[in-house]
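Report on one structure; see the data block that follows.
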Amino acid sequence: MTKTFEPLKSFFSEVGGISIFAGRFFREGFLPPYEFNELLRQSFEIGYRTLTLVGVTGFIMGLVITIQSHPSMEAFGTESWLPSVVSVSLVREIVPVITALICAGKIGSGIGAELGSMNVTEQIDAMEVSGTNPFKYLIVTRVIATTLMLPILVILADTISLYGAFIGVNMKQVISFNLYTNQIFEKLSFSDVLPSIIKSFFFGFGIAVIGCYKGYYTRNGTEGVGRAANSSVVVSTFVVFIIDLLAAQIADILHFT
Amino acid sequence: MNTTETREPVVIIQNLKKSFGDNHVLNDFNLNVYKGENVVVLGRSGTGKSVLIKCLVRLLDADEGEMKVFGMSITDLKHKELDDIRAKIGFLFQSSALYDSMTVRENLEFPLRRHKHKISKQEVDALIKTALENVALAGTEAMMPAELSGGMKKRIGIARMLILNPEVMLYDEPTTGLDPITGREINHLMLEVQRKFNTSSIIISHDMNCVRRTANRVVVLINGKCYAEGTYDELKNSNDKNIKQFFD
Ligand SMILES: Nc1ncnc2c1ncn2[C@@H]1O[C@H](COP(=O)(O)OP(=O)(O)OP(=O)(O)O)[C@@H](O)[C@H]1O
Ligand SMILES: [Mg+2]
C-alpha cells in the first residue's frame with residue numbers, strides 16, 4: 001500500500017525541496033555581502049561556454065525550419081509570407097525553447113556536476129570554514145548569472161537563426177536582405193519578442209536552481225555526482241517545458257498574441 | 001603528563017551528542033586539549049571521528065553538549081564571531097578539499113582574502129611564499145590541484161590551513177592513502193608545525209605510525225564515547241581487547 005505512494009511522495013518532497021531552496025535564494029541573495037567578482041566570473045563562464053553551441057544550433061534551426069516550411073507554403077501559394085511566418089515561430093517559440101534545452105543540458109549538468117563534486121570532496125565545507133557563505137558564493141552567483149545570461153543567449157540565437165532563415169529562403173527564391181528584413185519586421189512585433197525574453201529569464205532561473213539544488217545536496221560520493229548531473233538535466237528539461245506551457249497561457253491571457 | 005593538567009585547556013568538549021536519525025554517532029563524548037599538545041583520536045571507520053571535528057567548527061550542529069574553544073562556547077556564537085573563531089582553527093579535510101577550479105596560489109589566497117579583508121598584494125605574496133616553503137612545495141603556485149599527487153595535495157592543504165596562523169589544528173586522517181615514506185614526511189611536518197607555532201592539534205588517524213610519531217596523548221573513540229585515554233605506550237601495553245585491536 002505504502003509502496004504505491006512512494007514515487008508520488010518522492011516527487012512532492014523533491015518539489016518541496018526545490019521550492020525551499022529557491023526561497024533561500026531570495027532570502028540570502030539580496031543581503032550583503034555581495035559576491036560581485038564571482039558573479040562576473042560565473043556570467044562570463046556560463047555565457048562563453050554555451051555561446052558557440054547556441055549560435056550554431058540557432059543557425060541550423062533557422063535554416064531547417066525555413067526549408068521544411070517552404071513546400072507547404074508553396075502548396076498554398078503563400079511563399080512570399082515565408083520570412084514573416086518563419087521568423088515569428090522562431091522568435092516566439094522555437095529559439096527560446098531550444099536554447100533553454102541546450103542550456104539545461106550544458107549549464108544545468110555543469111552546475112550539478114561541479115557543485116556535486118565540490119560537495120563530496122568537502123570543498124563546500126572548506127569554504128564555509130574559510131569565512132565564506134557557500135550558499136552566497138556558489139549558489140546565488142550561479143543562479144543570477146544563468147538568469148541573466150539566458151535571455152542574452154536567446155537574443156543572440158534569435159539573430160543568428162534569422163540569418164539562417166534568410167539563407168533558407170534564398171535557397172528556393174531570390175530575395176534581397178533588405179526586402180527580407182522588411183518583411184520580417186512588418187510581421188514581427190514587440191509583443192512577439194517581449195514574452196519570449198521574459199520567459200527566458202524564467203528558463204535560466206529554473207535551470208540554475210535545479211542544477212544547484214542537485215549539486216548542493218549530492219550524497220553518496222562520486223557515484224552521487226554523476227546522478228546529480230544527470231538528474232539536473234532531466235528535471236530542468238521538464239521544468240523548461242512547464243515554464244513554456246505556463247508562459248503561453250499567461251501571454252494568451254494578457255493578449256500578447 | 002601532570003604538567004598539562006594544570007594548564008588551561010584550549011579546546012573543551014563535554015557530553016557531546018550527535019545523531020543522524022537512529023544512527024547515534026556521538027554519545028556523551030568528552031575531550032580536553034591543552035596548549036601545545038597533539039591529541040590523536042583513534043577509532044574505526046564510521047565511528048564519527050570526522051563528525052566530531054566537524055561539530056567543533058559548526059560544520060555540523062551538535063544535538064547536545066558543550067564545546068568551548070579559547071574559552072568561547074562554540075554552540076551559541078553569532079555568525080561574525082563564529083567566523084573569527086574559525087579563522088583561528090585550521091582544518092585539514094580528509095579529502096584535502098583543495099578547490100579544483102583554482103590554482104594552488106588561489107587556493108592559498110582564498111582564506112586570506114576572506115578572513116582579512118584589508119590585505120595588500122605584497123603581504124599576500126609574502127604569506128603564500130612562506131606557507132609554501134613551510135610545506136616544502138615552493139614554486140607550485142601556478143599548478144592546478146588535479147596536477148598534484150595525493151601527498152602534495154595534503155601538504156598544500158596544510159599550507160592553506162597554516163596561512164592564517166591558526167592556534168588549533170584539526171587534521172582529519174592526514175596520512176591515510178599515502179605511502180609510508182610520504183606519510184612520514186607529513187608526520188614530520190605536523191610535528192614541525194606544533195614545535196614552530198606551539199599549536200594544539202586534534203589528529204584523527206588509524207595509521208599507527210602516524211599515531212606513534214605525533215601523539216602526545218591518544219584517545220580511543222568507541223561507540224560514540226571516549227573509551228580510553230593515555231600515551232601511545234600506555235595504550236599499546238593495555239590488556240583490553242578493544243584497545244589491543246588497533247595495535248595488532
Ligand atoms: N551528513 C551526514 N548525514 C548523515 N549521516 C552522516 C553524515 N555524516 C556522517 N554520517 C554518519 O556518521 C557516521 C560517522 O561518520 P564519520 O564520517 O564521522 O566517520 P569516520 O569516523 O570519520 O570514518 P572514516 O575513518 O571512514 O573517515 C557514519 O555512520 C556516517 O554514515
Ligand atoms: Mg572521517
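The values are calculated or read from the model by the stated rules, or taken from the named source; none is laboratory data. If you're wondering where the values come from, they're calculated on a predicted model, not measured in any experiment. Ideal geometry is used to build each Cβ from the backbone, glycine not excepted, and the neighbour counts take in all protein chains shown. Note: accessible area is taken over every heavy atom of the protein model, side chains too, but ligands, DNA and RNA are not part of it. Shrake-Rupley method; radii C 1.70, N 1.55, O 1.52, S 1.80 Å.
Within the stretch B:54-74, the set of residues being within 16 Å of ligand 2 (Cβ to nearest atom) and out of contact with any Asp or Glu (no Cβ under 6 Å at 6 or more places or on another chain) comprises B:K54, B:C55, B:L56, B:V57, B:L60. Restricted to the stretch B:4-116, the set of strands (runs of 3 or more DSSP E) holding at least 3 residues that are within 11 Å of chain A (Cβ to nearest Cβ) comprises B:89-92. Scanning the stretch A:28-52 for residues that are open to solvent by 80 Å² or more (accessible area, probe 1.4 Å) and part of a helix (DSSP H, G or I) yields A:F36, A:N37, A:L40, A:R41, A:F44, A:Y48, A:R49, A:T52. I'd like to check something: does the stretch A:64-79 contain any residue that is farther than 30 Å from A:I144 by Cα, more than 20 Å from the chain's Cα centre (by Cα) and among the charged types (D, E, K, R)? Yes: one or more hits. Note on the stretch B:35-46: among residues that are among the hydrophobic types (A, V, I, L, M, F, W, C) and under 21 Å from A:E122 (Cβ atoms), the one that is farthest from ligand 1 (Cβ to nearest atom) is B:V40. Residues in the stretch B:47-60: is at least one surrounded by fewer than 17 Cβ atoms within 10 Å (Cβ to Cβ) and within 12 Å of ligand 1 (Cβ to nearest atom)? The answer is no, given that none of the residues of the stretch B:47-60 is surrounded by fewer than 17 Cβ atoms within 10 Å (Cβ to Cβ) and within 12 Å of ligand 1 (Cβ to nearest atom).
Looking only at the stretch A:116-137, residues that are within 11 Å of chain B (Cβ to nearest Cβ) and in a helix (DSSP H, G or I) come to 13 in all. From the list A:L150, A:L194, the one residue that fits, being away from chain B (no Cβ under 14 Å), in a helix (DSSP H, G or I) and within 14 Å of the chain's Cα centre (by Cα), is A:L150. Going through (1) within 14 Å of chain B (Cβ to nearest Cβ); (2) closer than 30 Å to B:L170 by Cα one by one, A:G112 falls short only on (1). Selection over the stretch B:167-181 of residues that are open to solvent by less than 10 Å² (accessible area, probe 1.4 Å), touching a Lys or Arg at 6+ places or on another chain (Cβ under 7 Å) and more than 15 Å from ligand 2 (Cβ to nearest atom) gives a count of 1.
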